[in-house]
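Right, one structure below, let's go through it.
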Amino acid sequence: MQKAYKLQGKHRHYDWGGTSFIPNLMGIENVNHLPYAEYWMGAHPSAASVVATAKGEISLAILIKENPSKWIGAKTFQNFGTIPYLFKILDVKNMLSIQVHPSKDNAAIGFEKEEAAGIPLDAVTRNYKDKNHKPEVMVALSDFWLLHGFLSPELLAERLRNYNQFHLLLNEFKGADYKNLYTYFMQLPMEASDQILKSLLVEATAAVKNGTVTKADPHYWAHKYYADGIPASNIDKGIFSIYILNIIHLPKYHGIFQGAGLLHAYLEGQNIELMANSDNVLRGGLTPKHVDIHELIDHVKFEPTFPKPLEGISINSNETNYPCPIPDFGLTKITLNSGESYTITTHSMEILLVTEGALLLDQLSLKAGDSAVMEAEASLKLVAQQPSVLFRSLVPN
């Protein structure tokens, strides 16, 4: 009896995406040079994947609703009501917004508040699209750069001292008062913040032109955001975050977990991302989308972050786990040599994404760029036809 099925996800053509990585991975001819920013695999209401069944292509969300025990298992259905995660591929050509995600309790409160206010779900000013939290883990598919939480008190104070434009902010950071510093700057009148940021961007442009900075330097990213020219006014205040957050470089197959309240942004590169099944994002700049500074400030954890990149922990010679401290999802990487076989036992629904090679999943043929969904309580055999790498998303048992 068939237990695994081909899965067709949904592409997202956001402006910040690249034009070649995802099309090349999936064998798509991008003749119109569209930005392929994200590829979603899951049952999110706004972009549910489609499953190739014997009865034709059917929405994964409908299959789960019609027979939750078969598809996601009784325990997952009892705990979550549906598949609790969303699996993605991202190609970040231009940096994403400075953002934070709410906790589960705060998401529910925010959602109900906006519902009561009559704000349509598709309104550009809507902050909460659902009642769920959005913790996430990512694993790099190339050299990847991101902003990840506030610098330590010592490094942040040093950063403020090292840039003349920030000297006036040192008093706002006395006693390592992260909230006071961030709130003070983000609520400055535009004329005052423009004066600071314009001088900073002029300096950044000169440094990049002279080749005196690398991607580990905030000047590099500040310049990249305004590479086409520094505006005379209304400079995005999100530039400030580039200078006060950790700049992290992740080599291929290294990852990092990001929980509620962590201020962060993706800067450049390709990755896979696994998150709770939510689209709740509170933005703090570097985006044309809705920015609600007051709401964002209410949900940021104003404390230093000491980054803990994930290299993965070996389960066995083929499978590596990327630990995630939440019950919604788990992520592993499976590596197989040509001719090698491996058995997967599922407890809930699982989604496999092949990023390299070609293999059989029982009798289902999969190649790089393909994804498959596996029913709950199944035992399935993988056989690699070429050296292969695949990622496995699951609900922890």
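Coordinate-derived values only; no laboratory data. As the structure is a prediction and not an experimental result, all values here were calculated from the model. Note that we place each Cβ from the backbone using ideal geometry, even for glycine, and neighbour counts take in every protein chain shown.
The table below gives the values:
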read-out: Charge dipole magnitude, Cβ of K and R +1, D and E -1 - the chain, Cα centre, debye nearest 20; value: 320
read-out: Inter-probe distance in nm under a simple model that places probes 7 Å from Cα toward Cβ, at ALA117 and GLN195; value: 3.2
read-out: Region 154-244, relative contact order in percent, only Cα pairs under 8 angstrom and at least six apart counted; value: 28
read-out: Potential lengthening between GLU57 and SER20 on full extension [0.36 nm per residue; Cα-Cα distance subtracted]; value: 10.6 nm
read-out: Within region 318-394: Cβ-based charge dipole about Cα centre, in debye rounded to nearest 20 (Lys, Arg +1; Asp, Glu -1); value: 180
read-out: Computed [θ] at 222 nm, deg cm²/dmol, the chain (DSSP H ≥ 4; -39,500 (n - 2.57); rounded to nearest 500); value: -6500 deg cm²/dmol
read-out: Kirkwood hydrodynamic radius (C-alpha pairs) into Stokes-Einstein, region 221-299, 37 °C and 0.692 mPa s, D in µm²/s; value: 223
read-out: Acute angle (nearest 10 degrees) that the helix 104-116 long axis makes with the longest principal axis of the chain, alpha-carbon atoms; value: 80
read-out: Region 154-244: C-alpha gyration tensor shape, a/c 1.5 cut-off, then a/b vs b/c; value: oblate
read-out: Estimated FRET transfer efficiency when R0 is 35 angstrom, pair MET1-ASN316 (beta carbons, to 0.05); value: 0.80
read-out: Residue order, fewest to most beta carbons within 10 Å, for ASP279, ASP122; value: ASP122, ASP279
read-out: Set of lysines with alpha-carbon distance to LYS224 below 18 Å, sequence-local pairs under 8 removed; value: LYS93, LYS198, LYS209, LYS215, LYS237
read-out: Peptides 123-135, 20-32 ordered by average Cβ neighbours within 10 Å, highest first; value: 123-135, 20-32
read-out: Exposure proxy ranking, count of Cβ atoms within 10 Å, fewest first, for TYR85, TYR266; value: TYR266, TYR85
read-out: Added length on full extension, which subtracts the Cα-Cα distance from 0.36 nm per residue, ARG161 to LYS367; value: 69.0 nm
read-out: Convex hull volume of the chain per residue (C-alpha atoms, cubic angstrom); value: 157
read-out: Rel. contact order, % - alpha carbon contacts under 8 angstrom, at least six apart, the chain; value: 22
read-out: Sorted peptide list for 255-262, 36-43, 57-64, criterion being average Cβ within 10 angstrom, highest first; value: 36-43, 255-262, 57-64
read-out: FRET efficiency, 1/(1 + (r/R0)^6) with R0 41 Å, evaluated for VAL124 and LYS174 via beta carbons; value: 0.60
read-out: Segment ALA108-GLU203, length gained on full extension (0.36 nm per residue, minus Cα span); value: 29.9 nm
